[in-house]
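The values are calculated or read from the model by the stated rules, or taken from the named source; none is laboratory data. This one's a predicted model, so the numbers in the text were calculated from it and none came from an experiment. Here the Cβ positions follow ideal geometry from the backbone for every residue, glycine too, while neighbour counts run over all protein chains shown. Protein only, heavy atoms only, side chains kept; ligands, DNA and RNA dropped before computing areas. Shrake-Rupley method; radii C 1.70, N 1.55, O 1.52, S 1.80 Å.
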Amino acid sequence: MTMTINSPREAIGLVLAELGSEVQDLVVITADVGRATRAYTFGRKFPERYFNVGIAEQHMISFAAGLASAGAIPVVCAFSTFIMRAWEQIRNTIGRMSSNVKIVGTHAGFSDYADGSSHQSLEDIALMRVIHNMSVVVPADVKDILRSLPVIVKDVKGPLYFRVGRDYSPSITDDYDYEYRLGKAYIVEEGDDIAIIAAGPVLLEALEAARDLKRLGIKAAVVNLMNVKPIDERTLEKVARSCGRIITIEEHSVLGGIGAAVAEVLTQKYPVPMKFIGVTGYGRSAKNVRELLDFYGLNSQSIIKASLELIKL
Amino acid sequence: MGSTLSCVEILTVLLRKYVKITSDPLSKDWLILSKGHAAPALYALLAENGLIPYEELIKLQSLESRLQGHPDVMIPGVDMSTGSLGQGLSFGIGVAIWIKSKGGSGRVYVVMGDGELDEGQVWEAMTDAARRNLDNLTVIIDCNGYQLDGRLSEVKPKHYMPLVWSVVGWEVFLCDGHNVPNIISTLDEAIRVKAPTVIFAKTVRGRGLKQLEGTDLQRVE
């Protein structure tokens, strides 16, 4: 893909439209958010393989499971928060049957900054993570989407939740040349004083914090945990052993998200002091994503503060 | 058990006369027991069709058997894991669309309960199916008149349902769900229609067990 794309949803639409030619059984399903999620970029090109079921998220999920059982390769695209109203359908049909359905939740985290708390998805990683058979992927930026989504659609069998934002997507991983593989965590910066583990656009905050910490003489490793589940236990244990302290940051509730996923592994493999940076409670409206990240303390300053506290311990 | 007995004839007719089972998802017929709590009736028919051994039936719901309290795709002949109400029709629509778009010959039969029509997802699904020309989809509603807490008329009346489905765009049929020739002639007629079809089959809960018939009892004491 050569075009310049700077929005996650644009990237989703374009990747799916491109994959449609190659993957003949690819179908895209949406619930009256074809334009908002850019699923319609696929729909315009392949109208016979594009299903807009109306404002009906529960139906959308079970319908996708039916398509998968009959042999199609369905990708569901809708707002992350509203997909969660079909949690029980995802659990009871897609999860229990291990249906080959990919669920793309857009507008996640604070990316839908203006619409406020009803639209801001801060619990989806937790809700999807607990479903047996479900994989959970949280790309950091457009480049991460471009490197992972084609692999996921073509080569990964079984249910997978793919969490992206709306438009906010600073370019973060352009300079890193890892290849995508489900279940892998990527150490994007090496360091041995502290490890900062992030998923999603807040990976940028982690990298900025690491740069600033270096000026203070603290070498911070930074891990892109885009594969939240299955989780890369070996890499997590490795950074825990080499750094001895861990900060996690996520555009999500501190309950059940990235921090919890890391802690679940490390408390059993190699316990080290940790701090979770994330959201407590619901979101609110603002003028842009940046304002919200700062308002809720999801920024490099919070990481630096938490790092210094941990190092002092 | 009462709601298993109310759909025995419906499932017998479907699985002994209509549903062709092959391994090809596009040419086989699909039977989705959306009212998954009638699983024992389905399992009996799967045994009758040679898909599971008769001896396994008595082990229903035991750790030594695959036969779960509600249908599960690990059981040969089960097309969808059900048990949570209101999801079978959506699933069936997904299957039926893919069969049609691939030019397959398979038909999709979804068996639902009348109480199940309370679920909001049924509305989401039936309004979606109506505009997709799914002439390979037939829903049979086992109208035994009861839901978990009692009579439909007491818990939540649904007498208007045939009218609702008809207005939405379904071809609606009524039949006696215990009269085998009547079920067959209605299904034959439904299959010929070039639209999604729904059959409201009037049944008696607990049919065949006098102590259960027409009551909300779960089992013979």
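Numbers below:
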{"item": "Rounded, prolate or oblate (a/c below 1.5 giving rounded, otherwise prolate when a/b exceeds b/c) for region B:130-190 by Cα gyration tensor", "result": "oblate"}
{"item": "Accessible surface ranking that places the most exposed of A:K157, A:K275 first, with a 1.4 angstrom probe", "result": "A:K157, A:K275"}
{"item": "Inter-label distance, nm, simple model (7 Å from Cα along the C-beta direction), A:D192/A:R44", "result": "5.3"}
{"item": "Loop GluC sites (Glu not before Pro), region A:139-211, which have at most 15 other Cβ atoms in a 10 Å radius of their Cβ (DSSP)", "result": "A:E179, A:E190"}
{"item": "Solvent-accessible area buried by A and B, counting both chains, probe 1.4 angstrom, square angstrom", "result": "2000"}
{"item": "Cut-off under 5 Å, modelled amide H: who pairs with A:V136 long-range", "result": "A:Y161, A:V228, A:K229"}
{"item": "Sequence-distant lysines (8 or more away, or on other chains) whose Cα lies within less than 21 Å of A:K305", "result": "A:K214, A:K219, A:K275"}
{"item": "Debye intensity ratio in log₁₀ form over the Cα atoms of the protein assembly as shown, taken at each q of 0.06 Å⁻¹", "result": "-0.34"}
{"item": "Average other protein chain Cβ within 10 Å of Cβ, residues A:89-96", "result": "4"}
{"item": "Residue-averaged 222 nm ellipticity for chain A, from DSSP H runs of 4+ at -39500 (n - 2.57), nearest 500", "result": "-11000 deg cm²/dmol"}
{"item": "Neighbourhood net charge (13 Å Cβ-Cβ; Lys/Arg +1, Asp/Glu -1) for A:P8", "result": "-1"}
{"item": "Using θ = phi - 60° and Karplus 6.51 cos²θ - 1.76 cosθ + 1.60, couplings along region A:178-183 (whole Hz; Gly, Pro as x)", "result": "5, 9, 6, 9, 4, x"}
{"item": "Net charge over other residues, Cβ less than 14 angstrom from the Cβ of B:S101 (K, R count +1; D, E count -1)", "result": "+1"}
{"item": "Residues of the protein assembly as shown: accessible area per residue with a 1.4 Å probe, Å²", "result": "40"}
{"item": "Carbon/sulfur fraction of accessible area - region B:85-221, other protein chains in place, 1.4 Å, %", "result": "53"}
{"item": "Candidate aspartates and glutamates for bridging to A:K102, where Cα separation is under 14 Å - those fewer than 8 sequence places away on the same chain excluded", "result": "A:D25, A:D155"}
{"item": "Charged-residue dipole, Cβ positions (Lys, Arg, Asp, Glu), chain A about Cα centre, Debye nearest 20", "result": "360"}
{"item": "Cut-off under 5 Å, modelled amide H: who pairs with A:V223 long-range", "result": "A:V188, A:I196, A:I197, A:A198"}
{"item": "Euclidean distance between Cα centres, region A:1-44 to region B:151-184, Å", "result": "41"}
{"item": "Solvent exposure ordering (accessible area, 1.4 Å, most first) of B:H159, B:H37, B:H178", "result": "B:H159, B:H37, B:H178"}
{"item": "Buried on assembly, region B:63-101 (at least 50 Å² less accessible surface than by itself, 1.4 Å probe)", "result": "B:S81, B:Q87, B:F91, B:W98"}
{"item": "Accessible area of A:W87 in the full protein assembly, 1.4 Å probe (Å², nearest 10)", "result": "80"}
{"item": "Under 5 Å, built H, 5+ apart or other chain: amide partners of A:I73", "result": "A:L26, A:V27"}
{"item": "Residue-by-residue Karplus 3J(HN,Hα) for region A:298-309, coefficients 6.51, -1.76, 1.60, Hz, glycine and proline x", "result": "8, 9, 5, 4, 4, 5, 4, 4, 5, 5, 5, 4"}
{"item": "Accessible carbon and sulfur surface of region A:186-312 relative to its total accessible area, %, 1.4 Å", "result": "52"}
{"item": "Simple Cβ-charge dipole of region A:86-153, Lys/Arg +1 and Asp/Glu -1, about Cα centre, in debye nearest 20", "result": "360"}
{"item": "Sequence of B:K194, B:K28, B:K20 when ordered by accessible area, the most exposed leading, probe 1.4 angstrom", "result": "B:K194, B:K20, B:K28"}
{"item": "Computed accessible area, A:Y180, all protein chains, 1.4 angstrom probe, square angstrom", "result": "20"}
{"item": "A:I311 accessible area, assembled protein chains, probe 1.4 Å, Å²", "result": "50"}
{"item": "Alpha-carbon Rg/Rh ratio, for region B:45-186, with Rh computed the Kirkwood way", "result": "0.98"}
{"item": "List of region A:53-69 residues, accessible area with partners at least 20 Å² below that of the chain alone (1.4 Å probe)", "result": "A:V53, A:A56, A:Q58, A:H59, A:S62, A:F63, A:G66, A:L67, A:S69"}
{"item": "Dipole magnitude of region B:67-221 about its Cα centre (Cβ charges: Lys, Arg +1; Asp, Glu -1), debye to nearest 20", "result": "420"}
{"item": "Furthest towards positive pole of dipole, B:W123, B:Y146, B:L134, structure part region B:66-149, Cβ charges", "result": "B:L134"}
{"item": "DSSP-assigned coil residues among GluC sites (Glu not before Pro) in region B:18-70, each with at most 14 further Cβ atoms within 10 Å", "result": "B:E64"}
{"item": "Hull shadow area, averaged, region A:123-218 [alpha-carbon convex hull, nm²]", "result": "7.1"}
{"item": "Karplus-derived HN-Hα couplings along region B:104-109 (A = 6.51, B = -1.76, C = 1.60, θ = phi - 60°), whole Hz, x at Gly and Pro", "result": "x, 9, x, 10, 10, 10"}
{"item": "Cα-based shape type of region A:167-207, given that a ≥ b ≥ c are square roots of the gyration tensor eigenvalues and the cut on a/c is 1.5", "result": "oblate"}
{"item": "Accessible surface of region A:8-163, 1.4 Å probe, proportion on carbon and sulfur as whole %", "result": "50"}
{"item": "Net charge contributed by nearby residues that have their C-beta within less than 10 Å of A:R234 (K/R +1, D/E -1)", "result": "0"}
{"item": "Contour minus Cα-Cα distance for B:S153 and B:I191 (0.36 nm per residue)", "result": "10.6 nm"}
{"item": "Shielding by partners - mean other protein chain Cβ count within 10 Å, residues of B:118-131", "result": "4"}
